[in-house]
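> I have a structure here, written as structure tokens, and I will follow up with some questions on it.
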Amino acid sequence: MKSTETIVCANSMNELDRIVQWIEEVAEKWELSPGVVFNLNLVIEEAFTNIVNYAFTDQQKHEIEIQMELENQVLSLRITDDGIAYDPTLKEDPDITLRAEEREIGGLGIFLIRKMMDKVEYQRIDNKNLFTMWKQL
């Protein structure tokens, strides 16, 4: 059986508390483990923060849609925004063997997402960024 839940947020960091609450509600409904909930919170917060901070060149209000789907023990997350085109999957992994002050700034968020999820994919459709992540439960 397939279950889908969606939340639409403004491009504001103030939305993070509402997103966390939504994740908790969906996780309870779907009976997800605390470890999965922790990972979901982390990857969604990383992706959402990057979108809010970098995707928009104006000060206008934009919508960011987050959709979670559960089917056959596979959890998928899709985050959609109308910001500037950016494919985070093209970002090379940072050299984590270097000390923090020696590393280039940026890239740790997508690195973390790649490590925590089984698959990530980016598409640009109808002037929108679609960033999708999958995790086998």
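The values are calculated or read from the model by the stated rules, or taken from the named source; none is laboratory data. Predicted model, so just to flag it, every value in this text is computed and none were measured. No Cβ is skipped: glycine too gets one built from the backbone with ideal geometry, and neighbour counts run over all protein chains shown.
> Does E46 satisfy being assigned to a helix (DSSP H, G or I), closer than 17 Å to R114 by Cα and of a type outside the set (F, W, Y)?
Yes.
> So which of I64, I7, I19 is at negative phi, modelled with pLDDT of 95 or more, assigned to a helix (DSSP H, G or I) and of a type outside the set (S, T, N, Q)?
Matching residue, one of I64, I7, I19: I19.
> Next question. Restrict the check to segment 32-41 and report whether at least one residue is of a type in the set (S, T, Y), in a strand (DSSP E or B) and surrounded by fewer than 16 Cβ atoms within 10 Å (Cβ to Cβ).
The answer is no, given that none of the residues of segment 32-41 is of a type in the set (S, T, Y), in a strand (DSSP E or B) and surrounded by fewer than 16 Cβ atoms within 10 Å (Cβ to Cβ).
> Going through segment 49-61 one residue at a time, which ones are surrounded by fewer than 17 Cβ atoms within 10 Å (Cβ to Cβ), in contact (Cβ under 8 Å) with a residue 24 or more places away in the chain and not in a loop (DSSP other than H, G, I, E, B)?
T49, Y54
> From (1) within 22 Å of T89 (Cβ to Cβ); (2) exposed (fewer than 11 other Cβ atoms within 10 Å of the Cβ), pick out the condition that doesn't hold for E28.
The one condition E28 does not meet is (1).
> Scan segment 67-86 residue by residue and report those that are under 15 Å from D126 (Cα atoms) and not in a strand (DSSP E or B).
D82, G83, I84, A85, Y86, listed by residue number.
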